[in-house]
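*Asks:* The structure is given below, and queries will be raised subsequently.
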Amino acid sequence: MTNAPSFIVTQAATWIARGRAPAEAEALAAAWRDFPDLPANAPLEERMARTRERVAAMRPITEAARARTEAERQRTNFSFVRRRVEHGEASL
């Protein structure tokens, strides 16, 4: 048995502890509360449908994260190229 903290997906604090913003953490926790996993003995189709519902509920969150990541990548890349141009190491 380990002393690792529990990963309770229905609690925003879990997501905040893993670097999510509070509003995003609450949205993730809400999606898990609204669409929890079904028991392993539930019919497969029902379990798959539940997973699809949860994924759909999380889609705006994951799309926003993807957009932030891409914006950061472009900002970083632009800064890198700009510094190289300023130092005469590259040209536009």
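*Asks:* Filter the range 1-29 down to residues that are of a type outside the set (D, E, K, R) and touching a residue at least 24 places away in the same chain (Cβ under 8 Å) and give me whichever is surrounded by the fewest Cβ atoms within 10 Å (Cβ to Cβ).
*Replies:* Restricting to residues being of a type outside the set (D, E, K, R) and touching a residue at least 24 places away in the same chain (Cβ under 8 Å), the top hit is Thr10.
*Asks:* Scan the range 33-92 for residues that are part of a loop (DSSP other than H, G, I, E, B) and at pLDDT 95 or above and jot them down.
*Replies:* Of everything in the range 33-92, those that are part of a loop (DSSP other than H, G, I, E, B) and at pLDDT 95 or above turn out to be Phe35, Pro36, Asp37, Leu38, Pro39, Ala40, Asn41, Ala42, Pro43.
*Asks:* Still on this structure, I have one more. Name the residue, out of Arg83, Arg54, Arg73, Arg50, that is touching a helix residue (DSSP H, G or I) at 6+ places or on another chain (Cβ under 6 Å) and not aliphatic (A, V, I, L, M).
*Replies:* Going through Arg83, Arg54, Arg73, Arg50 in turn, the sole match is Arg54.
The values are calculated or read from the model by the stated rules, or taken from the named source; none is laboratory data. Just so we're clear, the structure is a prediction, and the values are computed from it rather than from any experiment. Note: ideal-geometry Cβ built from the backbone for every residue, glycine included; neighbour counts use all protein chains shown.
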